[in-house]
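Colleague: First, the structure itself, so that you have it in front of you.
No value in this document is a laboratory result; all are computed from the given coordinates. Since we're looking at a predicted model, the values are computed, not measured.
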Amino acid sequence: MILNLLILLFIGVHIEGCSWNTERQVDNQRDFKQLLVDIREQKITPQLAKLEFKRIMSELEERYPHAAFDSANVSLVFPLLGKNYRSVGGRGRGFYGRHFDLFDHSVAKSHPAHDIFIYDRDKDCKEDISGKYMDVLAVSDGVVIATETEWTEEKGYKGGNYVWLYDFQTGGLWYYAHQRKVYVVEGQKVQAGDKIGEVGRSGFNAKTNRSDTHLHLMFLKLDEHNEPTPLNHYPWLKAAKTVYQTQLPSHYPRKSIKADSISKRISAGLPISIEQKIEPKPVSFQTRSKKKKGRDRG
Ligand SMILES: [Zn+2]
């Protein structure tokens, strides 16, 4: 009897020992931002990163179900205020999707995105003709699933200040990189045309002098197994609607920003978007000049 108990106890401990890793992973489920950080810092294997990605995406899909979409009928708002596809670099030939691996940080030979340029010869991030920062807009209705707002040159990593958006129209993901400011928080729902940030030069390569000020925009399509593939979304950008007026999203998630992070920023004298994020009223932004067409770099 005692022997039986001891055996059972041993088996129990042994099973627990075996399953500890999996249970721990379930207990400490990463959100999407943490997953991206762990991939970047190579704290997670590509295989496990993929599993985590699929879990997060199926949760999003369940929470925000989307209808099947027809690529020919996807309708976007152009991501820069008052601009259109003529601001896209290389007339849409900047997309290079091969070798892309979201889960392996060591693979870096691809450019599965379009760079959308502003006219900024002095590289102060302001559009030279208007003298204003360029608003970055949500291209589609969706929810913000990750942001980076505290990029510094010392941190060095590639994307700079970024936003990841889960798209309600397609069930895919939009990645906006190199922003100077980010105006949204994780969990915030946005509507197409809402202001989510401003074009900037944050990011390892984007900050260098040889780089022209631009938004790096990637779209990841998810298949039925939530496998991500970068899609050349130039046709969508070509057909995208130009908007001349924007506003901050009207939705504010309950848990937007931790109080200590706000006070830290305020005491550090950082006039970054945090204050605007907790400002409850949407603000209107209007373009001063609509005569800017044709002056962009292509
Ligand atoms: Zn790029």
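Colleague: Starting from the Cα-Cα distance between THR152 and THR208, subtract it from 0.36 nm times their residue separation and give me the gain in nm to one decimal.
Modeller: Numbers: separation 56, 0.36 × 56 = 20.16 nm, distance 1.31 nm.
Using 0.36 nm per residue and subtracting the Cα-Cα distance, I get 18.8 nm.
Colleague: Oh, and also: In µm²/s, what is D for region 174-254 at 25 °C and 0.890 mPa s, where D = kT/(6 pi eta Rh) by Stokes-Einstein and Rh is the Kirkwood radius from Cα pairs?
Modeller: 166
Colleague: Subtract the Cα-Cα distance of ALA67 and SER250 from 0.36 nm times their separation in residues, and report this length gain in nm to one decimal.
Modeller: So the chain would gain 63.5 nm between ALA67 and SER250.
Colleague: Moving on to the next point. Tell me the Kirkwood hydrodynamic radius of region 38-84 in angstroms, computed as one over the mean inverse distance between distinct C-alpha pairs. Present the calculation step by step, with values, prior to reporting the outcome.
Modeller: Values: mean 1/r = 0.0714 Å⁻¹.
Kirkwood radius, region 38-84: 14.0 Å.
Colleague: Okay, moving on. How compact and how long is region 116-206, expressed as Rg and Dmax of its alpha-carbon atoms in Å?
Modeller: Gyration radius and largest Cα-Cα distance of region 116-206: 13.2, 38 Å.
Colleague: So, how do all the Cα-to-Cα distances of region 34-143 break down into 5 Å bins, in percent, from 0 on up?
Modeller: 2, 9, 12, 14, 17, 18, 16, 8, 3, 0
Colleague: Continuing with this model, one more query. P(r) tail for region 71-286, what percent of Cα pairs lie past 24 Å? The partial results should precede the final answer.
Modeller: On the way: 9062 of 23220 pairs.
Cα-Cα pairs in region 71-286 separated by more than 24 Å: 39 percent.
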